[in-house]
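Participant: First the structure, which I've put down as structure tokens, then a few questions once you've had a look.
The values are calculated or read from the model by the stated rules, or taken from the named source; none is laboratory data. Being a predicted model, the structure only gives us computed values, none of them experimental. Here the Cβ positions follow ideal geometry from the backbone for every residue, glycine too, while neighbour counts run over all protein chains shown.
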Amino acid sequence: MTNTIPLLTPRVANWMKFLCLNPNVLSDLLSEYGSPINIHHTDEFKQNIKELEDVLDQAEIPHLVQFARKANKCKAFVHASRIHGCGVDTASERELQECLDAGVDPQKLILTAAVKTRSMLELAVGHQVMVVVDNEDECRLVNSVAAGLQINAQLGIRISGFETDTGKLYSRFGFDLKTVPDLLENWTQEGLQHLSYRGLHFHLNGYSIPHRGQALLQSLGLAEELKQAGFVTDFIDMGGGLLMNYLKKAEQWLNFQRELKKAVKGEREPITFGNNGLGFQMVNEQLHGSLNTYPYFNTTPRKTFLSRVLEVQDEAGESVGSRLAASGITLRLEPGRCLLDQCGFTLARVASRKRDARGDWLIGLEMNMTQMHSSSADFLLDPLLIPRTEPQEDGPVQVYLTGAYCLERDVLLQRKICLPSFPEVGDMMVFFNTAGYMMHFFESEAHLFDLAKNIIYRAGTSSLSGDHFYADENSMDFLFQAQE
Ligand SMILES: *Cc1c(COP(=O)(O)O)cnc(C)c1O
């Protein structure tokens, strides 16, 4: 049986490569801040925003990009958004408060929290931040808050239930789009006088380009209908879910899936912990299911994705892009993950090595499964081992990486990993491109372990040292220092 491990080589930005070539500096950071740490850099963030803005400028569509902050909690990206001039999509009171404190223009903020409290709404409405409403109870609460403040609340209406070639899209969020004209009429009848309708909002699960095109066309149709009834739509917000590409090579991606299927069928050595099928499984000696992970390799990331959405055509053959441009309606979008492409990595220290009863090597890292957690079945990128001393000529070696929680399932990556040399205690492991969701979204403090520190790297002209890094909580101080 073959036992070569399929590789999944990540795309890695130059700044990350540069830091990895300076192991002493990285090791000092681990000594100072503990393991693991998340290291961020904001240059790529601004480029990623500009990439999307360029597509919309070329299509002559008025636009506002709003960074979906829930994908990464660092303040550095809020400041970068403000400096770049784009907006931020906030999903909690604290996210919103921090954006206001950072000086982001309230006109460029939007509140899309799934559950909205009175105090959250007082903050948003008081600053005239656009609020996206999800249900009628929320509309009444917003109206009551706005009445109390003696102002009008600026509202987007979250809609769902779009018709597509695969049927009506269900979502637990928002109003069925068919009900919106009645909803707006009812506001007047119910005496909700403090609500100003400004636009439509949706966010689709998954990564379908045609579905987003269809949703935009149906939103444009609804905006037309509302106009007849006297309600002007200033913006349509297409939410996030623009793809990003993590991997270098298509053939590795295909090969990995081939080998995974073979392993699940028992035709080769397992390539995942406990032969986890990551979505594939054997039922009555037949292989069933499909890969249940993010499409880590894809050929339509970010700007290609957006361009393709704009190319979707209506029944008369007119494209979404030209219909939007002709309508004069502003296209808002709220990408999270794809703006964080190449903006951060996670660094952890090797604590132990041992062989388990199956004969597999388990490498224990000073981190836990919540500090790099994919909402899909696994994070399918090869990590990099940075040896602290001259590596022995004892590789390659196949290992699993395990974490600090008392759970059998605290295995950091389900995949078996091939390392070029056998790791020593104190060596470092780098997980690339974790800034979008992986490092923050699921992190927990079980066992009372501290949360990982977030460090910002700022490039400088002097040779690399600790001076090029600061803790994210000090983001504001560093900006002011930079301005002095
Ligand atoms: C999560 C979310 C986003 C961001 O999605 P990405 O996949 O990170 O681009 C945008 N808008 C809403 C309402 C969301 O819930």
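Results for (1) more than 27 Å from Thr434 (Cα to Cα); (2) modelled with pLDDT of 95 or more; (3) surrounded by 23 or more Cβ atoms within 10 Å (Cβ to Cβ); (4) of a type outside the set (Ser, Thr, Tyr), shown as yes or no for each residue.
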site	(1), (2), (3), (4)
His63	yes, yes, no, yes
Asn72	no, yes, yes, yes
Gln97	no, yes, no, yes
Leu121	yes, yes, yes, yes
Ala124	yes, yes, yes, yes
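Participant: Which ones in the range 451-472 are touching a His at 6+ places or on another chain (Cβ under 6 Å) and not in a loop (DSSP other than H, G, I, E, B)?
Facilitator: Of everything in the range 451-472, those that are touching a His at 6+ places or on another chain (Cβ under 6 Å) and not in a loop (DSSP other than H, G, I, E, B) turn out to be Ile456, Tyr457.
Participant: Also: Which number in (1) among the hydrophobic types (A, V, I, L, M, F, W, C); (2) within 26 Å of Ala404 (Cα to Cα); (3) assigned to a loop (DSSP other than H, G, I, E, B); (4) under 20 Å from the mean Cα position of the chain (by Cα) marks the one condition that Leu7 misses?
Facilitator: Here Leu7 clears every test but (4).
Participant: Something else: If you check Leu220, Leu254, which single one turns out to be part of a helix (DSSP H, G or I), under 27 Å from Val12 (Cα atoms) and away from the ligand (no atom under 16 Å from the Cβ)?
Facilitator: Leu254
Participant: Tally the residues that are part of a loop (DSSP other than H, G, I, E, B) and either exposed (fewer than 14 other Cβ atoms within 10 Å of the Cβ) or not hydrophobic (A, V, I, L, M, F, W, C) (or both), restricting the search to the range 407-450. Walk me through how you get there before you give the answer.
Facilitator: If we filter the range 407-450 for residues that are part of a loop (DSSP other than H, G, I, E, B), which is where we start, we get 407-410, 412-414, 416, 420-427, 433-445, 449-450.
The next check asks that each one be either exposed (fewer than 14 other Cβ atoms within 10 Å of the Cβ) or not hydrophobic (A, V, I, L, M, F, W, C) (or both); those that pass are 407-410, 414, 416, 420-421, 423-427, 433-434, 436-437, 440, 443-445, 450.
The number of residues fulfilling the criteria is 22.
Participant: Also, quick follow-up: For the range 335-375, enumerate the residues that are hydrophobic (A, V, I, L, M, F, W, C), closer than 24 Å to Trp15 by Cα and either within 16 Å of the ligand (Cβ to nearest atom) or part of a loop (DSSP other than H, G, I, E, B) (or both).
Facilitator: Cys338, Leu339, Leu340, Cys343, Met367, Met372
Participant: Okay, moving on. Exactly one of (1) in a helix (DSSP H, G or I); (2) away from the ligand (no atom under 16 Å from the Cβ); (3) in contact (Cβ under 8 Å) with a residue 12 or more places away in the chain is unmet by Lys227. Its number?
Facilitator: (3)
Participant: When the range 110-136 is examined, which residues are found to be more than 16 Å from the ligand (Cβ to nearest atom) and among the β-branched types (Val, Ile, Thr)? First the steps, then the outcome.
Facilitator: Keep residues of the range 110-136 that are more than 16 Å from the ligand (Cβ to nearest atom), which gives 117-119, 121-123, 125-128, 136.
Result: Thr117, Val125.
Participant: Looking only at the range 432-447, how many residues end up being more than 12 Å from the ligand (Cβ to nearest atom) and farther than 22 Å from Cys406 by Cα?
Facilitator: 3
Participant: Just for the range 376-406: of the residues that are of a type in the set (Phe, Trp, Tyr) and in a loop (DSSP other than H, G, I, E, B), which one is surrounded by the most Cβ atoms within 10 Å (Cβ to Cβ)?
Facilitator: Top of the filtered list is Phe379.
Participant: Another question, if that's okay. From the residues in the range 137-174 that are touching a Phe, Trp or Tyr at 6+ places or on another chain (Cβ under 8 Å) and in a strand (DSSP E or B), which one is farthest from the ligand (Cβ to nearest atom)?
Facilitator: That would be Lys168.
Participant: Also, quick follow-up: Among the residues in the range 30-41, are any buried (at least 20 other Cβ atoms within 10 Å of the Cβ), among the charged types (D, E, K, R) and not in a loop (DSSP other than H, G, I, E, B)? Can you show your working first?
Facilitator: Initial filter on the range 30-41 (buried (at least 20 other Cβ atoms within 10 Å of the Cβ)): 35-41.
If we keep only those that are among the charged types (D, E, K, R) too, we end up with none.
No, because not a single residue in the range 30-41 is buried (at least 20 other Cβ atoms within 10 Å of the Cβ), among the charged types (D, E, K, R) and not in a loop (DSSP other than H, G, I, E, B).
Participant: On the basis of being surrounded by fewer than 21 Cβ atoms within 10 Å (Cβ to Cβ), within 16 Å of the chain's Cα centre (by Cα) and either of a type in the set (D, E, K, R) or within 30 Å of Arg198 (Cβ to Cβ) (or both), does Lys303 make the cut?
Facilitator: Taking the combined requirement at face value, the residue satisfies it.
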